[in-house]
1. With the cut-off at 26 Å, report for region 397-526 the share of all Cα pairs above it, as a whole percent.
2. Test of the criteria: in region 411-503, which trypsin sites (Lys or Arg not before Pro) are in a DSSP loop and have at most 14 other Cβ atoms within 10 angstrom of their Cβ?
3. Mind listing the phi-derived Karplus ³J(HN,Hα) values for region 447-456, rounded to whole Hz, using 6.51, -1.76 and 1.60 with θ = phi - 60°, and x for any glycine or proline?
4. Between region 380-413 and region 498-528, what's the alpha-carbon centroid distance in Å?
5. Name the long-range amide H neighbours of CYS426: under 5 Å, sequence gap of 5 or more, or other chain; modelled H, no Pro or chain starts.
6. I need the fraction of alpha carbon pairs in region 289-387 separated by more than 20 Å, rounded to a whole percent.
7. Where in region 336-365 is the amide nitrogen less than 12 Å from a point lying 7 Å along the Cα-to-Cβ axis of TYR374?
8. Evaluate E = 1/(1 + (r/R0)^6) for ASN311 and LYS356, where r is the Cβ-Cβ distance and R0 equals 56 Å; express this FRET efficiency to the nearest 0.05.
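The values are calculated or read from the model by the stated rules, or taken from the named source; none is laboratory data. Keep in mind the model is a prediction, meaning the values are calculated, not measured. Glycine also receives a Cβ, built like all others from the backbone with ideal geometry; neighbour counts cover every protein chain displayed. Areas reflect the complete protein model, heavy atoms only, side chains present, ligands, DNA and RNA absent. Shrake-Rupley method; radii C 1.70, N 1.55, O 1.52, S 1.80 Å.
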Amino acid sequence: MLTRVKSAVAGFMGGIMTGGSSGGGGNNGSELPLKFPYMRPQFLGLSPDEIECSADHIARPILILKETRRLPWATGYAEVINAGKSALNEDQACCEVVVARRRPMSYCPPSTPSKTPTAKRRNSLPNGEGLGLRMEHGMLGEDSEGLVFHYWALFDGHAGSGAAVVASRLLQHHIACQLQAVIEILRNLASLPPTIMGEEPDNNPYLQGNTPGPHRGLTRAASLRGATGPSGPPSSTPPPPRFFTEKKIQHESLVIGAIENAFKEMDAQIEKEKQAYNVTGGCTALSVVYLLGKLYVGNAGDSRAIIIRNNEIIPMSTEFTPESERQRLQFLGFMQPHLLGNEFTHLEFPRRVQRKEVGKRMLYRDFTMKGWAYKTVEDEDLKFPLIYGEGKKARVLATIGVTRGLGDHDLKVHDSNIYIKPFLSCCPEVKVYNLMHYEHGADDVLVMGTDGLWDVLSNQEVAEAVTTFLANCDPDDLHRYTMAAQDLVMRARGVLRDRGWRITNERLGSGDDISVFIIPLMYGNRQP
């Protein structure tokens, strides 16, 4: 075990294994075909030669949207490859206007969770070609056959770009499929979503305090059970509503649920595709959906989104790391100790426990604690900690530095049969921002970035850089947001000097892949 852990920790500074494979299955050198070929975001319109030239780890050219191209809402985008961490840029991005059709879509997954193991699920989504979901961004508002939503997403791959490439091509379609099931409900904002689909809320007698008509009297016990009491003559007295109250579910909760289920279906599809295609590694996922006047920001991983509005910073995501999810991970290890392979402990100590310290009292904490306490060290505590390290160096099972994302189904602890996936969640946290509550100006934006940006720049530094840049641009120049994104990436990458990439005050620049969207919010106020 010690040798194994030493080998795993040897890659501690660089994170998990770096990969340059362009598609990727679970094994390097897989002979399986690629699901999708490696490429840069389609909206950049790069030729194969331009893609090859962009993979220069010395010059690190910043790629931006060409002046002849436009994204919905005049969205700005820029990216740069890493400084040698992996052969390819493992970030991926997508920006589209998508239609969730009213009529059933044959490629949609089942509307109810499948009880079939994910490895045996039938894939109901095609390769993503010719789906007919994309729309020209001039076609806005409510489509005659469904709902139109705007979609932006960033995917930060690790151990290969395969999972990020697949997710960038298909996640939006999973979201459309999930929304398709509730289109009619979402279009009827005047009524709350019914508890039973197809049932009008006003027709549910248990929700009425004054429902006319005879009914049998209920005893209190029977009412709590939801059953009728002993047989008796009909009564005209309405049933006590307090025994039949229901939660009032808002429409936005249906959208949140659709996004959450879409992430789970995307993760299940990646697992399934790995049986037939070469899909490497995993990826974090950060998505933004604009629908019916609201922005829904879903995050699974350590990318980040913030809104900059009238010089105010509004965080729209939370990073999921071994430290931020320590208690969830420790609880899982406590409840299912077999996942630790008898080689890790779910407890956390300030440092590795040494054998000479057995019997002494040492600081520790478990999943029930935010603080620390002392315990007597036992032989079991000599195992390697489930979570080890601090900040960007923190790792789960000495292997991976993020705790949510897509893929990674084959990832194991080095030289062992211990799978990492049970500790990695594909479920996103979804935050909602109502665009209709504010009249946004030309400089009010949402900034999305992979961790390569946020590792070296704080929210405040990003906000100041974007605000200052936009203030010096012509408000009518639609290319200003792309130029602002380019400026932001340049600030995070820095300049190559004798001692590496350096940014302001000679701090280390980001050596990671960096991808940035800057989305002007004023266009959301203009949507019908």
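1. 43
2. Numbers: sites: LYS412, LYS431, ARG480, ARG491, ARG493, ARG497, ARG499, ARG502; in loops: ARG499.
Loop-located and lightly packed - ARG499.
3. After applying 6.51 cos²θ - 1.76 cosθ + 1.60, I find 10, 10, x, 6, 5, x, 7, 6, 5, 10 Hz.
4. 28
5. The list, which skips near neighbours in sequence, is GLY405.
6. Numbers: 2594 of 4851 pairs.
Result for the distance tail: 53 percent.
7. 360-364
8. Computed FRET efficiency for ASN311 and LYS356 comes out at 0.50.
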